[in-house]
1. Quick one: what pairs do we get from segment 252-271, first residue in contact (Cβ under 8 Å) with a residue 12 or more places away in the chain and surrounded by 15 or more Cβ atoms within 10 Å (Cβ to Cβ), second β-branched (Val, Ile, Thr) and in a helix (DSSP H, G or I), C-beta under 8 Å, 6+ apart or different chains?
2. Identify, please: which residue in segment 479-499 is modelled with pLDDT of 90 or more and among the charged types (D, E, K, R) and is, among those, nearest to residue 543 (Cα to Cα)?
3. Is at least one residue of segment 643-656 in a helix (DSSP H, G or I) and in contact with a Pro (Cβ under 8 Å, 6 or more places away or on another chain)?
4. Scan segment 42-69 for residues that are modelled with pLDDT of 90 or more, farther than 23 Å from residue 156 by Cβ and buried (at least 16 other Cβ atoms within 10 Å of the Cβ) and jot them down.
5. Return the only residue of 295, 271 being in a helix (DSSP H, G or I), at pLDDT 90 or above, under 29 Å from residue 431 (Cα atoms) and more than 16 Å from ligand 3 (Cβ to nearest atom).
6. Take the residues in segment 157-211 that are small (Gly, Ala, Ser) and over 22 Å from residue 245 (Cβ atoms); name whichever of them is modelled with the highest pLDDT.
7. Here is a list of conditions, (1) touching a Pro at 6+ places or on another chain (Cβ under 7 Å); (2) within 11 Å of ligand 1 (Cβ to nearest atom), and residue 278 meets all of them except one; can you say which number that is?
8. How many of the residues in segment 298-312 are within 16 Å of ligand 2 (Cβ to nearest atom), part of a helix (DSSP H, G or I) and without any contact (Cβ under 8 Å) to a residue 40 or more places away in the chain?
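The values are calculated or read from the model by the stated rules, or taken from the named source; none is laboratory data. Model, not experiment: these values are computed from the prediction. Reconstructed Cβ throughout: ideal geometry from the backbone, glycine too, with neighbour counts over all protein chains shown.
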Amino acid sequence: MAVMSFRGAGREAMDIHVDLLTGLPDRRFFWQLVDEKLAEHSEGACMLTMNIEHFSYYNKWYGRQEGDKLLAEIAAFLQQCCRDWGVVAGYMGDDVFSVFFYSSAVDVAEKVRQGIIAIMQTVRDNEIFRPIFGGFVLKKGMEAGAIDLFDYTVNAIGQAVDSLNMGIYWFDEQMARQLIEEMELMPKITSGMEKAQFTFYLQPKCQIRDGRIVGAEALMRWISDTGEVIPPDRFIPALEKNGYIIQLDRYIWEKACQVICRWMEQGRRILPISVNISRIDIMEMDVVEVFGQLLDKYKIPVEYLELEITESAYAAKEALIKEAEKGLRKLGFKILIDDFGSGYSSLNMLKDIQADVLKLDMRFLDMNKDNYLKGRNIVSSVITMANQIDLPVIAEGVETLEQSEMLLSLGCSFAQGYYYYRPMPIAEYEFLLEDENNVAASNITSRKSGAAYLRDLAQYFGMVAEVNPFTGEYHVIHHDDNFRLSFGRRPDTITEYIEESVSEGCVHADDVAGYLRRSSLSYVKERLLGKRLRILYDLRYRRNGVYKWYTFECQQPKSFSLDSPWVLFTWKRANEEASERIDALMLMHNIFRKVIRVNLRSGCFDVLKKDKDEQPGLYRDAHNIVDYATAFARRFVHPDDRTTFEWFVEQRRVLQHFRDTDGEPLRMNFRHKTAEGYRDCQIEIYRSVEYSASKPVLLVTIRDLYKL
Ligand code: C2E
Ligand code: CA
Ligand code: CA
């Protein structure tokens with residue numbers, strides 16, 4: 001901003017500020033000019049203020065110079081308005097402009113608006129950088145100064161946030177009333193908080209396919225003294241302005257944890273609850289710490305609580321939000337991007353989004369007849385792109401059957417909206433879940449498939465096994481062909497396995513002694529009790545007739561306990577940069593209940609990882625995979641899911657699928673009987689690396705949903 005100082009003829013000596021870039025009066029000078037005009041006439045008058053949504057991004061994306069160019073262009077147009085229609089125009093700083101004129105010419109406001117829109121339509125990404133207009137009409141006889149008028153217009157703009165409408169928001173009596181109401185509201189809210197009048201309703205999220213429930217969102221409600229249920233848009237905006245929202249949100253989050261806790265105690269079926277995190281929460285408190293404490297305090301599995309962060313928060317304080325998001329994900333929370341499509345988001349943003357689920361709001365799309373195709377296209381491209389990156393989409397605000405059918409046809413699987421259920425009191429929701437028919441077997445699945453983890457593992461490890469150092473029992477989670485023993489029988493203990501491999505000549509003679517010592521159970525146990533369990537030993541292992549270096553490693557997983565004393569034995573390829581893969585490995589260890597390799601033609605199979613809860617000998621009579629699957633279905637699959645399960649694993653169907661496709665994995669969710677009751681699990685079938693048409697070797701994994 002340049003300051004020019006001159007003495008105007010007929011005026012008192014004073015500093016006059018004109019902005020150099022735009023050539024328009026700055027805000028103080030503008031106010032002064034307007035006040036002078038107001039003093040001259042007693043007719044009504046009108047002020048219009050505009051700004052550009054997300055303008056700071058315009059500067060960031062296209063450079064300051066481009067931003068300045070745009071501002072100058074707008075200013076040039078406004079100067080033309082001054083000449084043509086006698087308005088007073090001012091540059092109020094940043095991306096804000098105001099004009100003032102007599103209300104006898106209200107249509108001037110409309111002309112100004114259209115001129116600005118015409119300019120904005122020429123800029124790039126103009127669906128993001130939209131002008132917003134706020135106006136105020138000063139009626140004849142009303143008393144107000146220039147600053148008051150400006151405040152009113154700014155307030156009107158405040159009402160327009162997150163709206164696609166590019167009309168003028170007039171500050172009217174209703175808004176004035178609202179301002180007053182807001183001021184009067186605060187003491188009531190404070191007393192409402194003291195009287196514990198705040199609670200939440202739950203709105204189910206459903207599978208579109210059959211309308212069954214997969215989870216719910218907690219939506220704040222205020223039950224007033226008179227018993228009226230007040231929705232959040234009547235009080236949250238006021239609370240966001242003065243920061244009180246953070247106390248109320250913390251209260252609601254805690255309450256959600258308490259409800260989950262109670263459900264666990266009552267042995268109810270639990271589907272995750274998502275809570276809303278406001279932009280203000282992230283700015284004003286350490287949300288990572290707060291949610292970490294909640295987990296500690298209530299001891300609830302992290303998968304029962306999910307977090308919704310609104311997309312517009314990303315536009316406002318990107319770095320801060322990203323950091324919070326990272327911390328929350330580290331704690332294990334699933335993050336839902338709320339209100340996707342409300343404005344800021346471009347499809348490009350999807351590519352580097354870290355979130356786990358996208359909530360696409362149908363209410364933001366103008367889906368009337370004329371715009372139907374456009375709306376459908378937007379929805380369609382978002383869903384397509386999300387599907388490409390394995391990001392589940394929940395469509396919000398679904399009100400009609402047509403909408404839900406359209407969504408399904410576009411590849412969207414989940415929805416939330418009045419068409420399914422309205423938000424309801426907690427007790428009503430509990431009642432709803434008591435009927436199994438209302439509940440989906442599956443939940444929204446996570447992004448990375450089991451296949452991807454196994455592939456990661458195969459790249460770096462020759463073999464991974466979990467070992468009980470007290471009994472020598474072991475489950476092989478993964479091994480490549482080099483680690484297969486040539487004889488048929490599977491050794492009973494890891495010690496036998498290692499001794500067999502040595503006697504088969506797999507290990508270089510010079511490394512044998514050290515290897516046997518480091519991998520012996522007595523050595524492992526000694527280290528274990530000394531709490532220093534990390535054994536490393538490099539050895540040469542024979543691979544296709546030549547010796548290759550591997551690092552044998554024994555580690556103690558975090559989940560280790562004397563009740564479940566499993567440690568990990570890994571044989572890592574020594575020439576790979578595998579150190580940072582350890583985490584993937586730990587994950588892997590926790591992911592699968594069961595991993596089976598099967599040749600579907602012969603029906604021969606190997607259980608690579610056995611379910612820890614499973615008693616030994618269960619499948620003694622299962623001589624091929626069909627017997628095995630049948631026995632499994634009978635014993636472990638929920639009766640209601642059994643028919644589908646049997647269809648899913650049917651040998652001919654599976655063979656056909658892998659013959660006809662590029663190897664798309666098959667997935668199905670079902671309820672798996674476990675020691676703690678039924679759990680939602682996913683079975684996945686995919687081609688193994690050895691797969692060929694004549695030798696259709698497949699991998700079958702079963703894992704708990706929510707584990708990731
Ligand atoms: P939201 O997070 O987008 O929540 C969805 C809103 O859409 C809810 O309004 C819900 O009742 C409404 N809705 C659901 N289905 C339909 C439908 O089919 N048609 C229409 N027209 N509306 C539908 P609600 O409960 O009034 O909440 C409004 C907003 O208030 C929420 O929007 C959220 O941004 C905020 N909010 C709610 N609870 C909390 C909270 O605990 N903390 C914070 N910070 N914000 C909250
Ligand atoms: Ca939400
Ligand atoms: Ca939403």
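1. Correct list of pairs: 253/290; 259/426; 270/260.
2. Within segment 479-499, the match that is nearest to residue 543 (Cα to Cα) is 499.
3. yes
4. The one that is modelled with pLDDT of 90 or more, farther than 23 Å from residue 156 by Cβ and buried (at least 16 other Cβ atoms within 10 Å of the Cβ): 67.
5. 295
6. My answer is 211.
7. Condition not satisfied by residue 278: (1).
8. 1
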